[in-house]
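**Q** Quick one: the structure is below, and I'll ask about it shortly.
Where a number appears in this text, it was derived from the coordinates with a stated rule and is not lab data. As the structure is a computational prediction, the values presented were derived from the model and not from experiment. Because the Cβ atoms are built from the backbone with ideal geometry, glycine has one as well, and the counts that use them run over all protein chains shown.
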Amino acid sequence: EDQVTQSPEALRLQEGESSSLNCSYTVSGLRGLFWYRQDPGKGPEFLFTLYSAGEEKEKERLKATLTKKESFLHITAPKPEDSATYLCAVQAGNNAGNMLTFGGGTRLMVKP
Amino acid sequence: SAVISQKPSRDICQRGTSLTIQCQVDSQVTMMFWYRQQPGQSLTLIATANQGSEATYESGFVIDKFPISRPNLTFSTLTVSNMSPEDSSIYLCSARQASGNTIYFGEGSWLTVV
């Protein structure tokens, strides 16, 4: 059974204080690892998909990396508008339906 | 990127009634999915909506409770039947674009059952 664990559950940062969010996974043949941002009252907003160990993707202050067991979402010099819940999800290679299995999320709060 | 529209965005429903949520995608997609997000929780897959055939349900979800239709490539409905307060959740429609592997989500439908 595919499993995704995110840590920490909640993270408080001062504006400008860089940090990383962790996503550990076990999956039968990873097809893709997805990162989403979710603001309160809204649906998840797509950020990145990573496909193979060693891959990195960047978007503004966010950089996602992938190893064979985990992914990190690095946030550099965060701003208050980066406050949101960040969700990690895996897509298994033997998953004919291509559906995603989600972790519990990390709730990020950036204080000015 | 695909734009996914859901209706209603929010509703308060009486116990024992049923509500149908509509999902419309603005571009060609291959797969469509329905997820549930209970308060303070992450997303749980309800089912994969298959075009022109019965949906594929995940463990713990059944067709009688959550009937799903997908009459064409870009439209799907989810009905939450005989609702109880435990069904109070956000219901999210999701779709995989026909080109590439990106999976997008709608804004969600917030249901409160009283």
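**Q** About the Cα centre of chain B, what is the dipole size in debye to 20, counting +1 per Lys and Arg Cβ and -1 per Asp and Glu Cβ, all else neutral?
**A** The dipole magnitude comes to about 80 debye.
**Q** Mind listing the phi-derived Karplus ³J(HN,Hα) values for segment A:2-13, rounded to whole Hz, using 6.51, -1.76 and 1.60 with θ = phi - 60°, and x for any glycine or proline?
**A** In residue order, the calculated couplings are 5, 9, 9, 10, 10, 9, x, 5, 9, 9, 10, 10 Hz.
**Q** If you find the alpha carbon centre of segment B:60-114 and of segment B:15-30, how far apart are they in angstrom?
**A** For segment B:60-114 versus segment B:15-30, the Cα centre distance is 6 Å.
**Q** Moving on to the next point. Any idea what the relative contact order of segment B:1-68 is, in percent, if you count C-alpha pairs under 8 Å spaced at least 6 apart? Numbers along the way, then the final one.
**A** Working: 69 pairs, mean separation 13.9, N = 68.
Result for segment B:1-68 is 20 percent.
**Q** In square nanometres, what is one fourth of the surface area of the convex hull spanned by the alpha carbons of chain A?
**A** 6.5
**Q** For the pair residue A:24 and residue A:70, how long in nm is the line joining their label points, each one 7 Å along Cα→Cβ?
**A** 0.7
**Q** Could I ask something else about it? Which of A:78, A:89, A:30 sits farthest toward the positive end of the charge dipole of segment A:29-92, with +1 on the Cβ of Lys and Arg and -1 on the Cβ of Asp and Glu?
**A** Comparing the listed Cα positions along the dipole, A:30 ranks first.
**Q** Separate question: Dipole size in debye (nearest 20) for segment B:31-89 around its Cα centre, Lys and Arg Cβ +1, Asp and Glu Cβ -1?
**A** Numbers: 3 positive and 5 negative charges, 30 e Å.
With only Lys, Arg, Asp and Glu charged at Cβ, the dipole is about 140 debye.
**Q** Can you give me the long-range amide H partners of residue B:89? Hydrogens built in the peptide plane at 1.01 Å from N, cutoff under 5 Å, separation of 5 or more residues or another chain.
**A** When sequence neighbours closer than 5 places are left aside, the close amide H contacts are B:111.
**Q** Distance cut-off 24 Å, Cα to Cα: go down the list A:42/A:111; A:42/A:69; A:42/A:79; A:42/B:7 and report the pairs above it.
**A** A:42/A:69
**Q** Also, I was wondering about something else. Tell me, what ³J(HN,Hα) does each residue in segment B:34-39 have, in order and in whole Hz, if you take phi through Karplus 6.51 cos²θ - 1.76 cosθ + 1.60 with θ = phi - 60° and put x for Gly and Pro?
**A** Going residue by residue, I get 10, 10, 10, 10, 6, x Hz, with x marking Gly and Pro.
**Q** Give the cross-link partners of residue B:65 among the aspartates and glutamates, using a straight C-alpha distance below 19 Å as the criterion and excluding same-chain residues fewer than 8 apart.
**A** Excluding near neighbours in sequence, the set is B:11, B:54, B:86, B:87.
**Q** Something else about it: Averaged across the residues of A:100-112, what count of C-beta atoms belonging to other chains lies within 10 Å of each residue's C-beta?
**A** If you average over the peptide's residues, the count of other-chain Cβ atoms is 2.
**Q** Once you average over the residues of B:57-64, how many Cβ atoms of partner chains fall within 10 Å of each Cβ?
**A** What the average comes to for B:57-64 is 0.
**Q** Read phi for every residue in segment B:81-98 and hand back ³J(HN,Hα) as whole Hz from Karplus 6.51 cos²θ - 1.76 cosθ + 1.60, θ = phi - 60°, with x for Gly and Pro.
**A** These are the phi-based 3J(HN,Hα) values: 9, 6, 5, 10, x, 5, 7, 5, 6, 9, 10, 10, 8, 9, 8, 9, 5, 5 Hz.
**Q** Sticking with this one: Shape call for segment B:4-107 from the C-alpha gyration tensor, a ≥ b ≥ c root eigenvalues: rounded (a/c under 1.5), prolate (a/b greater than b/c) or oblate?
**A** prolate
**Q** Another question, then. Taking the C-alpha atoms of the protein assembly as shown, how large are the radius of gyration and the largest Cα-Cα span, Dmax, in Å?
**A** Just the Cα atoms of the protein assembly as shown yield Rg and Dmax of 17.5, 51 Å.
**Q** A further question on this structure: Let me know the Kirkwood hydrodynamic radius for segment B:60-110, please, with Cα pairs as the basis and the value in Å to one decimal.
**A** After inverting the mean inverse Cα-Cα distance, the result is 12.7 Å.
**Q** I've got another one for you. Please report the antiparallel percentage of DSSP beta bridges with both residues in the protein assembly as shown, rounded to the nearest 5.
**A** 90
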